[in-house]
Each structure stands twice: as structure tokens, then as C-alpha cells.
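What follows is a short report on a single structure.
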Amino acid sequence: MSALPIDPASALQWQAMREEDLADVAAIEATVYAFPWTLGNFRDSLAAGYQCSTAWIGRELVAYAVVMLALDEAHLLNVAVAAHWQGHGIGRRYMHHLIESARRQKLDMLFLEVRPSNAIGRHLYATLGFKQLGVRRDYYPAVTGREDALFLGLNLDERA
């Protein structure tokens with residue numbers, strides 16, 4: 001773990017995800033999610049041409065995201081911040097980066113799913129202007145079977 005900058009989120013540097021990042025990405029994924037994506041899921045996302053990005057502080061990978069583009073829409077498939085970097089504004093800064101990137105590409109909407117049990121994520125997305133558009137029943141695996149997903153969208157023509 002690197003020494004903590006005064007404002008870690010302001011020290012973020014963005015890069016396209018590379019094949020050589022995948023082991024570290026999968027390692028972070030395994031520590032922050034009970035039902036993580038596999039290394040193969042990330043490799044497939046790169047191969048499919050999804051917008052896969054990473055965020056770094058110095059030479060330490062601290063976060064990543066996978067976004068699928070279709071027509072004039074973006075779908076955030078996965079985003080995570082390394083556990084020991086959570087709570088420092090990195091997730092919020094990353095989401096702003098993703099939203100601005102989608103706007104620069106002249107996309108109309110950004111969609112994502114979030115677990116109802118993820119209160120921190122739901123709060124973040126609400127403060128960024130995401131609105132609930134629906135519910136995907138039994139979307140996520142859970143310890144006791146399946147958990148629904150809240151399907152959220154952000155109109156990129158509106159300022160968050």
C-alpha cells in the first residue's frame with residue numbers, strides 16, 4: 001500500500017486497462033466482491049472491445065471499470081475501488097471521470113445495476129443524478145440464493 005496522499009482522489013491517473021493489469025484487477029475484484037468476476041471475464045471484456053479502464057495512484061492500481069457501449073448508450077458493467085482505498089473519494093472521482101468520458105463521446109445515457117443491499121453505492125449513484133428505471137429480479141448471486149438489481153440510468157444531457 002502506498003503512502004496516502006493528502007487528497008487521494010486528486011492524485012488519480014487514468015489508463016486503458018491492459019492485459020498485464022488483469023491479474024491485479026482480478027485480485028482487487030476478489031477482495032471487494034463476494035461473487036467476483038473471474039480473470040476470464042475481464043479478459044473477455046478486453047477482447048470484446050469494451051472500454052476497460054484503470055485508475056492509479058503512483059504505481060499502484062487502485063480502481064478499475066468496464067463499460068460496454070451500444071449505439072448512443074453506455075452500460076457500466078463493473079467498477080471497483082481497492083478495499084484499502086475505499087472511503088477516500090476515489091469511487092466518486094472515478095464515476096465523474098466515466099460520466100464525463102461518456103459525455104465527450106456524445107452518448108445519451110449511462111446505465112448500471114446495483115444491489116439493493118449496497119447502500120453506499122446506491123447513495124453515491126443517487127447523488128450523481130442516477131434514477132431508478134426498474135428492477136432486474138434475481139440478477140445477482142447471493143449467499144441465500146439470488147438478489148435483485150436496481151436498474152439505474154443517468155441522462156447525460158443533464159448535469160449531475
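Multiplying the residue separation of Q132 and Q13 by 0.36 nm and subtracting their alpha-carbon distance yields 39.8 nm.
Here the Karplus relation 6.51 cos²θ - 1.76 cosθ + 1.60, evaluated at θ = phi - 60°, turns the backbone of segment 135-143 into coupling constants of 10, 9, 5, 6, 6, 9, x, 9, 4 Hz, with x for every Gly and Pro. Shape of segment 109-156 from the C-alpha gyration tensor: oblate (a/c of 1.5 or more and a/b not above b/c, with a ≥ b ≥ c the square roots of its eigenvalues). Note: relative contact order over segment 1-110, using C-alpha pairs below 8 Å and six or more positions apart, is 26 percent. Using equal-weight Cα scatterers in the Debye expression, the normalised intensity of segment 8-112 in log10 at q = 0.11, 0.12, 0.22, 0.23 Å⁻¹ is -0.31, -0.37, -1.25, -1.34. Between H97 and A142, the C-beta separation translates, for a Förster distance of 35 Å, into a calculated FRET efficiency of about 0.75. Exposed loop sites were defined as trypsin sites (Lys or Arg not before Pro) in DSSP loop states (anything but H, G, I, E or B) carrying at most 10 other C-beta atoms within 10 Å; in the chain the longest segment without such a site runs 1-58. Other residues whose C-beta falls under 12 angstrom from the C-beta of A80 contribute a net charge of -2, scoring Lys and Arg +1 and Asp and Glu -1.
Converting phi to 3J(HN,Hα) with the Karplus coefficients 6.51, -1.76 and 1.60 and the offset θ = phi - 60°, segment 61-69 yields 6, 10, 6, 7, 8, 10, 10, 9, 9 Hz in sequence order, with x at every glycine or proline.
Each of Y33 and D157 was given a label point 7 Å from its Cα along the Cα-to-Cβ line. The distance between the two points is 3.2 nm.
Each value in this text was obtained by applying a stated rule to the coordinates, not by laboratory testing. Here the structure is a predicted model, which means the values were calculated and not measured. Neighbour counts are summed over all protein chains in view; Cβ atoms, including those assigned to glycine, are modelled from backbone coordinates with ideal geometry.
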